[in-house]
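Inspection log for the structure reproduced underneath, given as structure tokens.
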């Protein structure tokens, strides 16, 4: 089945450690996105990538980094510079450029930093 | 800048009652509008979308939404709510700035009373 796979579903880290969240898609989509979700704040865009080897900052990129070495993969690293990293992280993909196309979401990763 | 407002943070309805979730958007041109549903701890699933044409859009699970340009609204409706509809609902508007960028509202959490 085609879709987006995020792993792990739950992740615990100590404060000050970097952590990488995985996102893989087999939908042959060009565009991929990372959103952060906090209670009562909806979804906020962290980074997005429209094509391999290219990505742009979203609204809340500080403290995060990404790479897009393969079309299928868009991992997100939460660095120690992120002041409040505990959140639910959602990865999404879409066919590509051109607004209006549907975004498909993974099941999310809940990160807890202690 | 585009924005989406969902005025109701929480809504409780009785099973079998009708439902309307409100969504207001701000966008300079004709928007592309979406409604997504999220079950607890899960990703987002697309319910329906509006691009153009008929302003009444039918979606999955018996949901529909009506685009009203004069009111900048895209309210979600269902004639008879089922207990399984309890979830969080997000309205989103598409952007034409750079690729397929979605701006989400803060969400409305629906609770269904037996």
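The values are calculated or read from the model by the stated rules, or taken from the named source; none is laboratory data. Bear in mind that the values here come from a model prediction, so they are computed numbers and not experimental data. Neighbour counts run over all protein chains shown; Cβ positions are idealised from the backbone, glycine included.
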| Identify, please: which residue in region A:79-93 is without any contact (Cβ under 8 Å) to a residue 40 or more places away in the chain and over 11 Å from residue A:11 (Cβ atoms) and is, among those, farthest from the other protein chains (Cβ to nearest Cβ)? | A:81
| field | region A:17-33 - residue that is farther than 12 Å from residue A:73 by Cβ and surrounded by 20 or more Cβ atoms within 10 Å (Cβ to Cβ) and, of those, modelled with the highest pLDDT | value | A:33
| field | Sole residue being more than 27 Å from residue B:14 (Cα to Cα) and either crowded, with 21+ Cβ neighbours inside 10 Å or modelled with pLDDT of 90 or more (or both), chosen from B:71, B:58, B:38 | value | B:71
| note | residue A:56 passes all but one of the listed conditions (1) touching a strand residue (DSSP E or B) at 6+ places or on another chain (Cβ under 7 Å); (2) farther than 26 Å from residue B:47 by Cα; (3) loosely packed, with under 15 Cβ neighbours inside 10 Å; (4) modelled with pLDDT of 95 or more; the exception is number (4)
| request: Could you please let me know if residue B:94 is farther than 20 Å from residue A:38 by Cβ, at pLDDT below 95, facing another protein chain (nearest Cβ under 8 Å) and crowded, with 16+ Cβ neighbours inside 10 Å? | output: yes
| Checking residue A:65 against (1) assigned to a loop (DSSP other than H, G, I, E, B); (2) under 12 Å from the mean Cα position of the chain (by Cα); (3) more than 10 Å from chain B (Cβ to nearest Cβ), which single condition isn't satisfied? | (1)
| said: Just to check your reading of the model, which residue among B:80, B:70 is farther than 26 Å from residue A:7 by Cα, in a helix (DSSP H, G or I), out of contact with any strand residue (DSSP E or B) (no Cβ under 8 Å at 6 or more places or on another chain) and away from every other protein chain (no Cβ under 12 Å)? | reply: B:70
